[in-house]
Amino acid sequence: MLLSSENISTDIAVSTVATVSQLLSARPEKFPDVNPDALSKLTQTLQNFSLREESNNLVQPNLAVQSFKGGQEIHQVQLTLFKATGNDTFIPGNDTFIPGRIKLDSNMMPFPKEKVDLQMNITFSEGMNKSVGFVLYDSDRFFPSQNFTPSLNTKRRVFSANLFENGFDTIEVQFSVTPSNDPTMSLDDFACVFWSYSENDWSTKGCIKESFSGHAQCTCIPDRPENYSNNFNNFNNFNNLNMNFAVLMSFKINYQYSEDLNLISIAGCSLSILGLAVTAVYQIATRKSRGCSPTLLLVNICLSMMIFYLLFIFGINNPVKHAKVAKDSKENFVLVSDYHQYSDEGPCTAFTALIHYFLLATFTWNTLYGINVFLLFKTTTGTPPWFPKVSLAVGWGFPAIIVGISLGSTYTVEDPLGYRQEECCWLASLDPKQSFNMRKPMFWGFLLPLFIMLIFNMAIFLHFSQNICKTVPNLVRLQQTPLKKKFLSSFSMAVMLGLSWVTGYILLFTQDPILQFILSIVFCVCNTTQV
């Protein structure tokens, strides 16, 4: 590698560092194919190069190599990386490395915490007058870990401190890092680690967690044999001590828990429950005056919808609400992932499955009612005798199959959010990045089967409306059905088939906030007062 050369010009050094910086911009999926030994050799070369005169103040967007020349005996060195501002000249507002953001000093300067992104203080037990080198990596892609698996698009910077082995006795390294400022996430826990070349992975040996007060603060007293890069021929026959530090962080989503049901929902659902109970009792009491199938269908629609409304009122709000504060834990261990997932607590999953089941059952019975109406139009003998038994099996069995597949394929106690949401007790629809995910059960376990049933019900509704609106020329005017009655018949059929839920699909694809608000009110009023 060019940086290993004894004679290297400043231009070549700048070009080489720029090339390595561009490697850090490559897509993450490219790095698993890279030989780990090659990455180890690359990072060690950069560390040793940071001790040379040519490395002074080489800064690229994803990589910075800095060298502090100890002209006189010093006892400490401080590296500070300031936060990006809109006045930065490289890319305004972009969080990349630029010379103005990096400061090296032999005095510990107390900078305001809100202005500092990263800070490292190195203290020597004895005075030292040799160079101290630093390498800042904007990501951890050159340090492929087997123990820590990232899943979020969060920044994990790695910073190395490099010293000549014979220039000190023992050292203490203190560093602090600011977590991601993504408002959708908050810090859950962190680990203070360094890269062990002997293990080819992160290690916590010699590092302790100090505290978290807006910054993750760590202290490390490296065990020298553990950190030697002795697998590589160093420059000028020196045995250099190369230490790569990082703060591994795990984040949790800042969930916006749903508020208590508003007045419209409570009043509408309560009136609907009362109306459903009265309707079911009336249907059963007057069943002799009507056929078996209409009574069976209407009673089951009322039953499933009434249970759904009760579950919605008492179970849609998640009773367990997690705080946004970070863990107050002093235990320092390598984290498994950067995404913290709570294990299942409380009855929210049970409420989700029940709401899922009875809502699907309601639409299934609505569809069966539509099929019954279609059969009445097509045949003169009425509903076939096998229809009631088939309706019972399909009406309660089909939703059970959908819920069973959804729950069995996505839910675990450790990861309940594969099936449900955290904000409320309803089906999961978003990935950790808060984007709609078609692999979540909200799509294929509810929206897709509901869409198919609504399309089928819409076709039945059009067929029904066409038949009742037809005029028969042979009938006199007084024998024809009034237009008002035809309209009410069509309207009641649309309600029975659940077509008001079409507004929910329109709402999913609406971007305008005013229109979203109007459609939300319409959806709420129509579906809570459906009875």
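The values are calculated or read from the model by the stated rules, or taken from the named source; none is laboratory data. Keep in mind it's a predicted model, so treat the numbers as computed, not measured. No Cβ is skipped: glycine too gets one built from the backbone with ideal geometry, and neighbour counts run over all protein chains shown.
Taking the conditions exactly as written (aromatic (Phe, Trp, Tyr), surrounded by fewer than 18 Cβ atoms within 10 Å (Cβ to Cβ) and in a helix (DSSP H, G or I)), does Phe351 satisfy them or not?
Answer is no for this residue.
Exactly one condition in (1) assigned to a helix (DSSP H, G or I); (2) at pLDDT 85 or above; (3) of a type outside the set (D, E, K, R) is not met by Val247; state its number.
Single failed check for Val247: (1).
Taking Ser391 as meeting all but one of (1) of a type in the set (S, T, N, Q); (2) over 29 Å from Ala350 (Cβ atoms); (3) touching a residue at least 12 places away in the same chain (Cβ under 8 Å), write down the number of the exception.
(2)
Given Glu423, Glu414, which one is at pLDDT below 90 and in contact with an Asp or Glu (Cβ under 9 Å, 6 or more places away or on another chain)? Working first, answer last.
Details: Glu423 fails: in contact with an Asp or Glu (Cβ under 9 Å, 6 or more places away or on another chain).
Exactly one of Glu423, Glu414 is at pLDDT below 90 and in contact with an Asp or Glu (Cβ under 9 Å, 6 or more places away or on another chain), namely Glu414.
So, in region 103-150, of the ones that are among the aliphatic types (A, V, I, L, M) and at pLDDT below 90, which residue ends up surrounded by the fewest Cβ atoms within 10 Å (Cβ to Cβ)? First the steps, then the outcome.
Just the residues of region 103-150 that are among the aliphatic types (A, V, I, L, M), to begin with: 104, 108-109, 116, 118, 120, 122, 128, 132, 135-136.
With the extra rule that they be at pLDDT below 90, the set shrinks to 104, 108-109, 116, 122, 128, 132.
Numbers: Leu104: 16, Met108: 12, Met109: 10, Val116: 19, Ile122: 23, Met128: 23, Val132: 27.
Here the residue is Met109.
Tell me which residues, restricted to region 371-392, are in a loop (DSSP other than H, G, I, E, B) and not hydroxyl-bearing (Ser, Thr, Tyr).
Of the residues in region 371-392, the ones in a loop (DSSP other than H, G, I, E, B) are 379-386.
Matches in region 371-392: Gly382, Pro384, Pro385, Trp386.
Return the only residue of Leu359, Leu368 being at pLDDT below 95, over 26 Å from Val320 (Cα atoms) and part of a helix (DSSP H, G or I).
Working: Leu359 fails: over 26 Å from Val320 (Cα atoms).
Result: Leu368 is the single residue among Leu359, Leu368 that is at pLDDT below 95, over 26 Å from Val320 (Cα atoms) and part of a helix (DSSP H, G or I).
Go through region 263-320 and report how many residues are small (Gly, Ala, Ser) and under 22 Å from Cys524 (Cα atoms). Lay out the reasoning, then the answer.
Of region 263-320, the ones small (Gly, Ala, Ser) are 265, 267-268, 270, 272, 275, 277, 280, 285, 289, 291, 293, 304, 315.
Subset that is under 22 Å from Cys524 (Cα atoms): 265, 267-268, 270, 272, 275, 277, 304, 315.
Summing the residues that are small (Gly, Ala, Ser) and under 22 Å from Cys524 (Cα atoms) in region 263-320 gives 9.
Mind checking which residues of region 495-524 are among the β-branched types (Val, Ile, Thr) and modelled with pLDDT of 70 or more?
Taking region 495-524 and keeping what is among the β-branched types (Val, Ile, Thr), we get 495, 502-503, 506, 510, 514, 518, 521-522.
The answer is Val502, Thr503, Ile506, Thr510, Ile514, Ile518, Ile521, Val522.
Report yes if Leu136 is part of a loop (DSSP other than H, G, I, E, B) and closer than 30 Å to Val34 by Cβ, otherwise no. I'd like the intermediate steps shown before the answer.
Values: part of a loop (DSSP other than H, G, I, E, B): no; closer than 30 Å to Val34 by Cβ: yes.
Judged against the criteria, Leu136 is not a match.
Picking from Asn57, Asn35, which residue would you name as being touching a helix residue (DSSP H, G or I) at 6+ places or on another chain (Cβ under 7 Å) and in the same structural domain as Gly133 (by TED's automatic domain parsing)?
Working: Asn35 fails: touching a helix residue (DSSP H, G or I) at 6+ places or on another chain (Cβ under 7 Å).
On inspection, the qualifying residue turns out to be Asn57.
Taking the condition of being aromatic (Phe, Trp, Tyr) and either at pLDDT below 90 or not assigned by TED's automatic domain parsing to the domain that holds Ala350 (or both), how many residues in region 271-308 meet it? Break it down into steps so the answer makes sense when it comes.
Filtering region 271-308 down to residues aromatic (Phe, Trp, Tyr) leaves 282, 308.
When the remaining residues are screened for being either at pLDDT below 90 or not assigned by TED's automatic domain parsing to the domain that holds Ala350 (or both), the result is 282.
Residues that pass the stated criteria total 1.
Residues to consider are Gln341, Gln283; find the one that is of a type outside the set (Val, Ile, Thr), touching a residue at least 12 places away in the same chain (Cβ under 8 Å) and not in a helix (DSSP H, G or I). Break it down into steps so the answer makes sense when it comes.
Working: Gln283 fails: not in a helix (DSSP H, G or I).
Sole residue among the options that is of a type outside the set (Val, Ile, Thr), touching a residue at least 12 places away in the same chain (Cβ under 8 Å) and not in a helix (DSSP H, G or I): Gln341.
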